[in-house]
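First up is the structure itself, then whatever we jot down about it.
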């Protein structure tokens, strides 16, 4: 598989608004398998990382090379969505959502093989982790929320402050206690796991919360769900959104102008 073939596969997964180049470095790197240069829109792949000692490649090596190419392509698409630039922190939730979406499309089109399915040993281990740890931890935190509600009633009955009980008796963060209570009140599905339940408990809108929970249960990654939720929250009238942005910019300009005047006065007085 050469550079042009890799690029064709990437474009077959999803088209890009801006052109890009795939470059095989011909080198082996102990640090990374690839990288993306937003200034030149180059996807660099250290192709020798995927060769065995004899210099050959097997199907597993080709599959990992494609994964690396898709990973760097996600950076390119992320940069395209941001006007051709990336922030210093490239691996954001938005990036991971883009990558996971590309991997799903690549799997559907048989361009990339999902290596996590088909291994009996790994499948059994995954089932154990989900049942014994993720689901059980979710159940425990949900039950904690139920007990905390009971504790709140008892504190009120004896004339004690529930917050003081949380702070000095249980010695747990109030936010954690509040989230546990909401997990119980919202009747969240413990199969999503305690960490995802905390995220879901922070969604006050029932329709959005149920949609997010269903996405997690049907295999979407947490970052994908979070970004989708964030995008739904921006489905407002474009003119209204621009007016809000205009107001924020005007307030920022006014604040900076005032500070500039203060600095100029200090310089003049010095």
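The values are calculated or read from the model by the stated rules, or taken from the named source; none is laboratory data. In this text, all values refer to a predicted model and were calculated from it rather than measured experimentally. Cβ sites come from the backbone with ideal geometry, for glycine too, and all protein chains shown count toward neighbours.
Some values worked out for this structure:
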{"quantity": "For residue 106: the one exception among (1) touching a residue at least 60 places away in the same chain (Cβ under 8 Å); (2) under 24 Å from residue 211 (Cα atoms)", "calculated": "(2)"}
{"quantity": "Check on residue 124, exposed (fewer than 14 other Cβ atoms within 10 Å of the Cβ), assigned by TED's automatic domain parsing to the domain that holds residue 184 and more than 30 Å from residue 180 (Cβ to Cβ)", "calculated": "yes"}
{"quantity": "Check on residue 181, outside the structural domain of residue 94 (by TED's automatic domain parsing), in a helix (DSSP H, G or I), at pLDDT 95 or above and over 21 Å from the mean Cα position of the chain (by Cα)", "calculated": "yes"}
{"quantity": "Strands (runs of 3 or more DSSP E) fully within the stretch 1-114 counting 1 or more residues that are farther than 30 Å from residue 226 by Cβ and not assigned by TED's automatic domain parsing to the domain that holds residue 219", "calculated": "21-24"}
{"quantity": "Of residues in the stretch 12-37 being within 14 Å of residue 68 (Cβ to Cβ) and touching a residue at least 24 places away in the same chain (Cβ under 8 Å), the one farthest from the chain's Cα centre (by Cα)", "calculated": "22"}
{"quantity": "Restricting the stretch 51-65 to residues that are in contact with a helix residue (DSSP H, G or I) (Cβ under 8 Å, 6 or more places away or on another chain) and surrounded by fewer than 21 Cβ atoms within 10 Å (Cβ to Cβ), the residue that is modelled with the lowest pLDDT", "calculated": "57"}
{"quantity": "Residue 216 closer than 22 Å to residue 145 by Cα and under 15 Å from the mean Cα position of the chain (by Cα)", "calculated": "yes"}
{"quantity": "Within the stretch 203-245, tally of residues that are modelled with pLDDT of 95 or more and not assigned by TED's automatic domain parsing to the domain that holds residue 181", "calculated": "0"}
{"quantity": "Test result for residue 159, out of contact with any helix residue (DSSP H, G or I) (no Cβ under 6 Å at 6 or more places or on another chain), under 30 Å from residue 114 (Cα atoms), loosely packed, with under 10 Cβ neighbours inside 10 Å and not assigned by TED's automatic domain parsing to the domain that holds residue 101", "calculated": "no"}
